[in-house]
Amino acid sequence: MMRKNFYLILLALFIGVLLVASCSSENQTTEIAHQQLSWHKQREKPFGTFDYPEISEDEALDLLQNKFSVKVPQIIQQTKHLFDEKITTKELEEKKAEYTLYASGNELLVRGYYPIYKGEELVVFALIDLKYSFDPEKKEARLASQSLALSNYSQEEAYPKNNFDELLLAVAQIIDIPKGKADVAIKNFNEDYKEVDKRPASKTAVVYGNDNEAEAKTLISQTLRVGFNDKREFREIHAAIIDYTE
């Protein structure tokens, strides 16, 4: 359990870096305006102060829709579909998701934890993080950021279906990176990090990112990263969407 908690904290730090860092990459793109990834709504009051730890997915989604009146983004269902299609096998079992919701005035933070087990062993898990914000001057709520972290937690280097590139492409499509551009970015990434010695240990590397451009042009940013463990193995996939639109 201590190992799991330490790993989750480390992964959370990776996600924090992913969301706040300005990402640069050879695969940076021209203007992208994926308005379908954003959500804005007029609102009169802040979110209040609430703390809901360790609740079920159903409870969390009900609170988001009926108590806080915010949109539940597609990333949740898309991640569950990814599990069904690309990860789970007859030997694996998807355990019930666990959520935490925390509201503090102008911010509402949501985390969903989706684990997959083989017997008693945690094999793969996903973390979904959502941040909603309220602007008191504009009287507007928005889904400020969304992120997905997918982690291979098993002793084996490969994911259960040995399909890392396929998973990377599927996660890229979840954050609406066009397939053609994602294919090129993944190909370039694999060429750059084919040799193990060139991979960073216990760090992440950009596969695709347009964060600098999106922030400058007030667009939707999309970032895709791969996380390496201390053995320089491909273990994690990190994806994030940040809404810089006005």
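Only the coordinates and a few stated rules stand behind these numbers; no lab work does. Predicted model only: the values in this text are computed from it and were never measured. Don't worry about glycine lacking a Cβ; one is built from the backbone with ideal geometry, like all the others, and counts go over all protein chains shown.
List the pairs from Lys86/Lys179; Lys71/Lys139; Lys71/Lys181 whose alpha-carbon separation is above 20 Å, in the order I gave them. Violating the 20 Å Cα-Cα cut-off are Lys71/Lys181.
Tell me, in nm to one decimal, what length is gained between Asn66 and Asp165 on full extension, where the rule is 0.36 nm per residue of separation less the Cα-Cα distance? Before the final figure, lay out each step's value.
Numbers: separation 99, 0.36 × 99 = 35.64 nm, distance 3.82 nm.
Additional length available on full extension: 31.8 nm.
Tell me the GluC sites (Glu not before Pro) within the range 180-228 that lie in a loop according to DSSP and have at most 10 other beta-carbon atoms within 10 Å.
On the way: sites: Glu191, Glu195, Glu213, Glu215; in loops: Glu195.
Qualifying residues, ordered by number: Glu195.
At the listed q of 0.08 Å⁻¹, the Debye profile of the chain, built from one uniform point per Cα, gives log10 I(q)/I(0) equal to -0.30. Remark: the Ala158-Asn106 segment gains 14.6 nm on full extension, using 0.36 nm per residue and subtracting the alpha carbon distance. Would the range 123-231 count as rounded, prolate or oblate if I go by the C-alpha gyration tensor, calling it rounded below 1.5 in a/c and otherwise prolate when a/b exceeds b/c, oblate otherwise? Cα axes put the range 123-231 in the prolate bin.
Considering all projection directions equally, how large on average is the shadow of the alpha-carbon convex hull of the range 171-240, in square nanometres? Spelled out: convex hull of the Cα atoms, projected over all directions, averaged, 4.7 nm².
In debye, nearest 20, what is the charge dipole magnitude of the range 88-246 about its Cα centre with +1 on Lys and Arg Cβ and -1 on Asp and Glu Cβ, if you could check? Could the numbers behind the result be given before it?
On the way: 22 positive and 29 negative charges, 17 e Å.
Using only the charged Cβ atoms, the result is roughly 80 debye.
Taking 30 Å as R0, compute the FRET efficiency from the Cβ-Cβ separation of Asp176 and Lys45 and round it to 0.05. Mind dumping the intermediate values first?
Numbers: r = 31 Å, r/R0 = 1.04.
Computed FRET efficiency for Asp176 and Lys45 comes out at 0.45.
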